[in-house]
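All remarks here apply to the structure that follows.
Here, each number is a calculation from the coordinates, and none is a lab measurement. The model shown is predicted, which means the values in this text are computed figures rather than measured ones. Here the Cβ positions follow ideal geometry from the backbone for every residue, glycine too, while neighbour counts run over all protein chains shown.
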Amino acid sequence: MKIKSICESGLPASRIRCISVVIFTLHPNSHGIQMRSTCENACILPVPKYLCMIRNSATSALRTPLPGHFYRDEDLYRRMKQEVFLPSWQFAFGPESRLPANQVRPFTLLPGYLDEPMLQTSDEHGAAHLFANVCTHRGNLLVRKAGPCKHLVCPYHGRRFSLAGQCQSQPGLGAVPDFPAQEDHLHHTETSTWGGLTFARILPGMPFTDWINPIQERVGFLPLDTLVHAPEMSHEYKVKANWALYVENYLEGLHIPFVHPALRDALDLTAYPVETTGYTVLQTGLAREHEPSFTLPPTHPDHGKRIYAWYFWLFPNLMLNFYPWGLSLNLVQPAGPMKSRIQFVTYRFAGVEGGPHTHALHDTELEDESIVETVQAGVRSSLYKPGRMVPGWEDGILHFHQLLIRHLAL
Ligand code: FES
Ligand SMILES: [Fe+2]
């Protein structure tokens, strides 16, 4: 390791005094990697041994075109709702919210941002439906409370619907010859289900199969129909940062050695494959010897590897993290230009022993939140310009940015 730039000399090679920024060049034979270490208190930092985990031999690196104001701009924040989120697939609910026949449940899709009022019903045959929870007469919210129900009757002027969404009657319109017409029935929301998870989309956009297929191909062999909700391991976090900064942090494993000491000890970071396809980024975490890993069928593309976890991100705001014990679903919910809420929903495979160490997911999340909030404070600097991305390690961020640029026509 060679100290390349600004730092005070005269210290032992293993200790460096930070003045503002210290730049390391790793591995004399590699040319593409530079790691920065900053220290606000000008303290003495030991040179971390784990820096040698990060290897690369790239000779060029790209910059993202997204500037610092992207992460606080109110107009862009509003535009993203229309152009990115409404035409994208959003996680609606998991298998724990499936309804028996003759039940209804109102909920809000992406509360705090899309705020779409939705109505889930299960009709008398047990068939599932998802509608806008809006009366087709004059827009009243149709259902306020979950529970058993045989017919829907709007509490404003009495318009009546079946649980399959058919408008049946309304006081005062019985003699109108073309009533009810198609426009009087409840508006169905486009819905798809995969692995017991239900997704909804408000505006036309990417086909569901294009969106989900890369995941199906990799983890379709898992017993997804046995996933059981683990409420004791499901939480919501508030982060003082733009939703896209949270996603970017997720999309790279480069920070793991620096930010997540426990995860660093569990993963073999000498390899950290990143694959970008369509609307998906997959990062594959390889297990160290002492860590549990998946048992893979011989035909699986990762057969022969010790997989600790597959970390899938689906454009724009969903993460599906598969572990040998189950699934950790993370939903990133924009809550303002510089605020987000992160929903962690955990599912375990029924009958599978083991699980995450107590608080492991929680601790990792707090470490991520802390660094993302610091980045939010940093990118507001008038002097900030995006730096070069580390090839391989940060390809997922570039892929995310390309998708954003395409949707927003930037
Ligand atoms: S708004 Fe529902 S009946 Fe009038
Ligand atoms: Fe992280």
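When VAL176, VAL375, VAL143, VAL352 are ordered from fewest to most other Cβ atoms inside 10 Å of their Cβ, what list results?
VAL176, VAL352, VAL375, VAL143
Along the Cα→Cβ direction, 7 angstrom out, place labels at LEU296 and GLN166. What is the inter-label distance in nm?
5.1 nm
With θ set to phi - 60°, apply the Karplus curve 6.51 cos²θ - 1.76 cosθ + 1.60 along region 190-195 and write out the HN-Hα couplings as whole Hz, x wherever there is a Gly or Pro.
Residue by residue, region 190-195 yields 5, 9, 9, 10, 8, x Hz.
For the chain, take the longest principal axis of its alpha carbons; what is the angle in degrees between that and the long axis of helix 208-219, to the nearest 10 within 0 to 90?
50 degrees
Work out the FRET efficiency for ALA175 and HIS151 from their Cβ-Cβ distance, taking R0 = 22 Å, and round it to the nearest 0.05.
In this case the efficiency is close to 0.55.
With axes computed from alpha carbons, what is the tilt in degrees of helix 360-378 against the longest principal axis of the chain, rounded to the nearest 10 within 0 to 90?
80 degrees
Quick check: the angle from helix 395-408's long axis to the longest principal axis of the chain, C-alpha only, nearest 10 degrees?
Long axis of 395-408 versus the principal axis of the chain: about 40 degrees.
If you take the Cα Rg of region 179-321 and divide it by 2.2 N^0.38 Å, with N the number of residues, what do you get?
Scaled against compact globular proteins, the figure is 1.28.
When PHE131, PHE221, PHE312 are ordered from fewest to most other Cβ atoms inside 10 Å of their Cβ, what list results?
Arranged by neighbour count, lowest to highest, PHE131, PHE221, PHE312 become PHE221, PHE312, PHE131.
May I ask which residue of THR189, PRO316, ALA244 lies farthest towards the positive end of the charge dipole of the chain, with charges of +1 (Lys, Arg) and -1 (Asp, Glu) on Cβ and the Cα centre as origin?
Final value for the positive-end residue is ALA244.
What is the calculated FRET efficiency for SER97 to LEU366, with r their C-beta to C-beta distance and R₀ = 41 Å, to the nearest 0.05?
Once rounded, the FRET efficiency stands at 0.90.
For a footprinting-style exposure proxy, rank ARG144, ARG63, ARG341, ARG98 by other Cβ within 10 Å, fewest first.
Final ranking by Cβ density, sparse to dense: ARG144, ARG63, ARG98, ARG341.
At 0.36 nm per residue, and after removing the present C-alpha to C-alpha distance, how many nm does the segment from ALA128 to GLU183 gain when stretched out fully?
Length gained, ALA128 through GLU183: 17.7 nm.
Pop the C-beta distance of ARG288 and ILE405 into the FRET formula with R0 = 35 Å and round what comes out to the nearest 0.05.
So the FRET efficiency works out to roughly 0.40.
Write down, largest first, the equivalent ellipsoid semi-axes of the chain in whole Å, where each equals the square root of 5 times an eigenvalue of the alpha-carbon gyration tensor.
46, 25, 18
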